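Taking it in order: structure first as structure tokens, then the write-up.
The values are calculated or read from the model by the stated rules, or taken from the named source; none is laboratory data. Everything quoted here is computed from the prediction, not taken from an experiment. Glycine gets a Cβ as well: all are built from the backbone with ideal geometry, and neighbour counts include every protein chain shown.
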Amino acid sequence: MNKYCPKIIETHYAEMLVQLRTCPICRKNMLPPYKNYHYERSIFPTYHEIDFEHQVKIAAWEIMSDIKVDDKYICQGCADSGKANFLCALCNERKSSNKKQESFGDPPEYLCRDCYESISAKTWDDKEKELSEEHRWDSE
């Protein structure tokens, strides 16, 4: 690995190493999500057949979610399937990962979709502000 050298494969395209992580639930390889809508600053092609999401899909990898289980991030597929759970910082109930509405910080604290749909906007906004303030210095 120490001698790996990125390769030019075509004008304006190159191959470089990326660090994969393993989902602790399904054991699939996963990459952190990548979103950059500024074409001039994007490192991935913007063409839909070779953009980030398509490359991850054809490699049979997953995109990492923002849900942690035992202090390890899980993939978006497992999170969307509800294969993990989290403690809602508002209702203090354990919820399935597919009920996550918001997350704050690292390690993350979560707010659930059930609370979002059932409590007042003021209560929700107050809790969002509290968690944002509490986690403002977290490294992400």
Sole exception among (1) modelled with pLDDT under 90; (2) in contact with a helix residue (DSSP H, G or I) (Cβ under 6 Å, 6 or more places away or on another chain) for I25, by number: (1)
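Name every residue in the range 78-87 that is part of a strand (DSSP E or B), surrounded by 15 or more Cβ atoms within 10 Å (Cβ to Cβ) and free of Cβ contacts under 8 Å to residues at least 24 places away in the same chain, in order of residue number. First the steps, then the outcome.
Within the range 78-87, the subset part of a strand (DSSP E or B) is 85-87.
Next, only the ones that are surrounded by 15 or more Cβ atoms within 10 Å (Cβ to Cβ) stay: 85-86.
N85, the sole residue that qualifies.
Looking only at the range 69-77, decide whether some residue is out of contact with any Asp or Glu (no Cβ under 8 Å at 6 or more places or on another chain), hydrophobic (A, V, I, L, M, F, W, C), assigned by TED's automatic domain parsing to the domain that holds R21 and touching a residue at least 24 places away in the same chain (Cβ under 8 Å). Step through it out loud before you land on a result.
Taking the range 69-77 first, the residues out of contact with any Asp or Glu (no Cβ under 8 Å at 6 or more places or on another chain) are 69-72, 74.
Filter once more, keeping what is hydrophobic (A, V, I, L, M, F, W, C): 69, 74.
Narrowing further to those that are assigned by TED's automatic domain parsing to the domain that holds R21: 69, 74.
Filter again for touching a residue at least 24 places away in the same chain (Cβ under 8 Å), leaving 69, 74.
The answer is yes; a qualifying residue exists.
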Candidates C75, C112, filtered to the one that is within 18 Å of T22 (Cα to Cα), modelled with pLDDT of 95 or more and surrounded by 21 or more Cβ atoms within 10 Å (Cβ to Cβ): C75
Residue count, the range 5-24 (criterion: in a loop (DSSP other than H, G, I, E, B) and free of Cβ contacts under 8 Å to residues at least 40 places away in the same chain): 8
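Quick grid of which residues meet (1) small (G, A, S); (2) touching a strand residue (DSSP E or B) at 6+ places or on another chain (Cβ under 9 Å); (3) in the same structural domain as P24 (by TED's automatic domain parsing):
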residue	(1), (2), (3)
A79	yes, yes, yes
K100	no, yes, no
D106	no, yes, no
Y110	no, yes, no
E117	no, yes, no
A121	yes, no, no
E128	no, yes, no
R136	no, no, no
